[in-house]
């Protein structure tokens with residue numbers, strides 16, 4: 001088994017791996033604006049990558065070769081992809097696979113039970129009462145599924161975040177949905193859960209703008225009620241979160257003072273926080289680039305590495321082995337053109 005890091009960039013998907021003591025990078029899906037990446041926990045060499053305008057792509061050999069997803073995806077802008085650890089299907093070759101869910105722009109949810117060969121739209125999401133109010137501010141005529149989080153502890157429970165619309169919950173694999181909860185996040189950019197803490201959800205969002213204390217929220221009852229996730233965060237436009245595989249109370253968060261400072265490389269000013277044992281948050285600066293000039297971090301954790309986090313931004317990929325307090329740069333051959341790009345997706349996995 002070898003560690004592989006998949007990094008979604010504006011002009012393709014980069015796969016990084018360590019061989020003979022050195023990091024190597026290969027770029028795939030050249031020229032495509034990647035939006036998200038995920039792997040199958042039952043078969044880690046099976047990887048999915050969503051792109052804007054160019055649909056969903058899949059690889060069965062840890063990213064060496066790619067092909068378009070199968071029939072049934074009726075929208076070409078794939079903004080979110082997730083693979084369940086608990087719900088299982090069967091791939092065409094007879095092997096077990098995790099059920100895959102894909103979210104698109106405009107907002108729609110699709111489900112595959114055969115490794116991405118065929119897809120079925122879960123229409124109940126778009127029939128929710130709040131759906132007519134959904135709107136993405138930069139393109140107010142549309143909206144999209146920003147994140148999909150299959151519950152790692154409860155089969156068929158899945159959470160879907162609409163940008164901008166709220167977090168929706170299904171208890172039956174997406175056949176039916178419950179609408180957003182009063183007091184819950186309206187604009188969650190990421191959702192993160194933990195298999196050892198049933199019901200726990202983290203949700204960084206734009207709800208924190210205006211110093212409301214809601215830059216990151218948590219639910220401890222599976223999305224029924226929501227609370228602020230602790231104080232200490234000054235950068236209240238929340239973007240990404242990752243949870244320690246070994247401790248559901250330890251997490252890292254990335255944020256900025258505004259959407260433009262998060263996403264626009266010309267004025268970028270973004271940072272990261274780690275969660276203290278007392279539940280408050282502290283800015284993480286040790287080993288990381290200066291916030292000025294830093295496009296927002298995308299965060300990830302590898303289930304095989306408790307206490308370890310990964311972060312990717314325009315300056316490269318970083319690793320922390322002490323739950324987010326101190327960081328080191330991975331010695332990747334980082335292309336110069338990436339220094340003005342926005343990392344869109346990050347996945348870290350050990351695969352053949």
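Within the stretch 92-115, the only residue that satisfies the criterion of being in a strand (DSSP E or B), in contact with a helix residue (DSSP H, G or I) (Cβ under 8 Å, 6 or more places away or on another chain) and either farther than 15 Å from residue 157 by Cα or free of Cβ contacts under 8 Å to residues at least 60 places away in the same chain (or both) is 108. Could you grab me the full set of residues in the stretch 223-246 that are surrounded by fewer than 19 Cβ atoms within 10 Å (Cβ to Cβ), touching a strand residue (DSSP E or B) at 6+ places or on another chain (Cβ under 7 Å) and over 25 Å from residue 285 (Cβ atoms)? Correct list: 225, 227. The strands (runs of 3 or more DSSP E) located wholly in the stretch 1-91 that include 2 or more residues which are within 15 Å of residue 300 (Cβ to Cβ) occupy 2-9, 12-19, 34-40, 43-51, 77-90.
Each row is one residue, and each column tells you yes or no for (1) under 15 Å from residue 82 (Cα atoms); (2) surrounded by fewer than 21 Cβ atoms within 10 Å (Cβ to Cβ); (3) at pLDDT below 95.
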site: 101; (1), (2), (3): yes, no, no
site: 105; (1), (2), (3): no, no, no
site: 110; (1), (2), (3): yes, no, no
site: 123; (1), (2), (3): no, yes, no
site: 161; (1), (2), (3): yes, no, no
site: 172; (1), (2), (3): no, yes, no
site: 182; (1), (2), (3): no, yes, yes
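With the structure loaded, tell me whether residue 334 is within 26 Å of residue 33 (Cβ to Cβ), in contact with a strand residue (DSSP E or B) (Cβ under 7 Å, 6 or more places away or on another chain) and touching a residue at least 12 places away in the same chain (Cβ under 8 Å) or whether it fails that test. Yes.
Of the set (1) outside any loop (DSSP other than H, G, I, E, B); (2) over 17 Å from the mean Cα position of the chain (by Cα); (3) more than 27 Å from residue 350 (Cα to Cα); (4) touching a residue at least 24 places away in the same chain (Cβ under 8 Å), all apply to residue 274 but (3). The combined condition, being touching a residue at least 40 places away in the same chain (Cβ under 8 Å), under 25 Å from residue 79 (Cα atoms) and in a loop (DSSP other than H, G, I, E, B), is not fulfilled by residue 317.
Within the stretch 136-152, which residues are free of Cβ contacts under 8 Å to residues at least 60 places away in the same chain and either buried (at least 16 other Cβ atoms within 10 Å of the Cβ) or assigned to a helix (DSSP H, G or I) (or both)? The answer is 136, 143.
Of the residues screened, residue 76 is not one that is surrounded by fewer than 18 Cβ atoms within 10 Å (Cβ to Cβ), more than 15 Å from residue 47 (Cβ to Cβ) and over 21 Å from the mean Cα position of the chain (by Cα). Screening 266, 304 for residues that are at negative phi and modelled with pLDDT of 95 or more leaves exactly one candidate, 266. Criterion applied to 118, 190, 176, 133 was being more than 27 Å from residue 96 (Cβ to Cβ), surrounded by fewer than 20 Cβ atoms within 10 Å (Cβ to Cβ) and in contact (Cβ under 8 Å) with a residue 12 or more places away in the chain, and the one residue passing it is 133.
The values are calculated or read from the model by the stated rules, or taken from the named source; none is laboratory data. As the structure is a prediction and not an experimental result, all values here were calculated from the model. All Cβ positions, even for glycine, are placed from backbone atoms using ideal geometry, and neighbour counts span all protein chains on display.
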